Amino acid sequence: MSDRNQQDLIAGFDGVLAHDDHSDTLLSNKVNELSNPQETTDFSCIKPFLEVTPFEFKDELFVKATLHLDGFAFARAAYLVYLRRDCEIHNLNLGIGYFERTQAISRFRQSYEFIGLWAEQVEKERRRRPLQTFLQRTWVKITG
């Protein structure tokens, strides 16, 4: 991909931070651009992950679906799926191994940008966990 095409691609992500139908359409269009014949990496594996929020799938599933990508392409895919924007650092390599990638995704989920972008879902998860833990402990006491 030429530098001009990369600049155009990154410019197209300005302001695409909110999760709504319009931003999802823009992101899908960007994935199509990433998968064009001039691009050597196939990003079609992330399309299903752009149709839902990061709270609707397990990170391990995303990592397994993208294991064929090199570290640089994985970084771009992770940014698109978890932060809904392209990676600003063009030479960012998030590793090639399963363990490295799951750690990288964990850092994405802990970032201020992720929390700010998905604030409503983050809060729901925080409220759900204590209730889920309580129910699990109660169930063990009842059945144990």
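The values are calculated or read from the model by the stated rules, or taken from the named source; none is laboratory data. Because the structure is predicted, anything quoted here is derived from the model rather than measured. Ideal geometry is used to build each Cβ from the backbone, glycine not excepted, and the neighbour counts take in all protein chains shown.
So how many residues does the stretch 90-115 have that are aliphatic (A, V, I, L, M) and either modelled with pLDDT under 75 or in contact with an Asp or Glu (Cβ under 8 Å, 6 or more places away or on another chain) (or both)?
Selection size over the stretch 90-115: 3.
How many of the residues in the stretch 73-109 are in a loop (DSSP other than H, G, I, E, B) and of a type in the set (Lys, Arg)?
Looking only at that region, the number is 2.
Would a scan of the stretch 116-128 turn up a residue that is assigned to a helix (DSSP H, G or I), in contact with an Asp or Glu (Cβ under 7 Å, 6 or more places away or on another chain) and either modelled with pLDDT under 90 or under 18 Å from Phe43 (Cα atoms) (or both)?
No, the conditions are met nowhere in the stretch 116-128.
Can you pull out every residue in the stretch 45-103 that is free of Cβ contacts under 8 Å to residues at least 40 places away in the same chain, among the hydroxyl-bearing types (Ser, Thr, Tyr) and either crowded, with 16+ Cβ neighbours inside 10 Å or under 18 Å from Ile115 (Cα atoms) (or both)?
Hits for the stretch 45-103 are Thr66, Tyr79, Tyr82.
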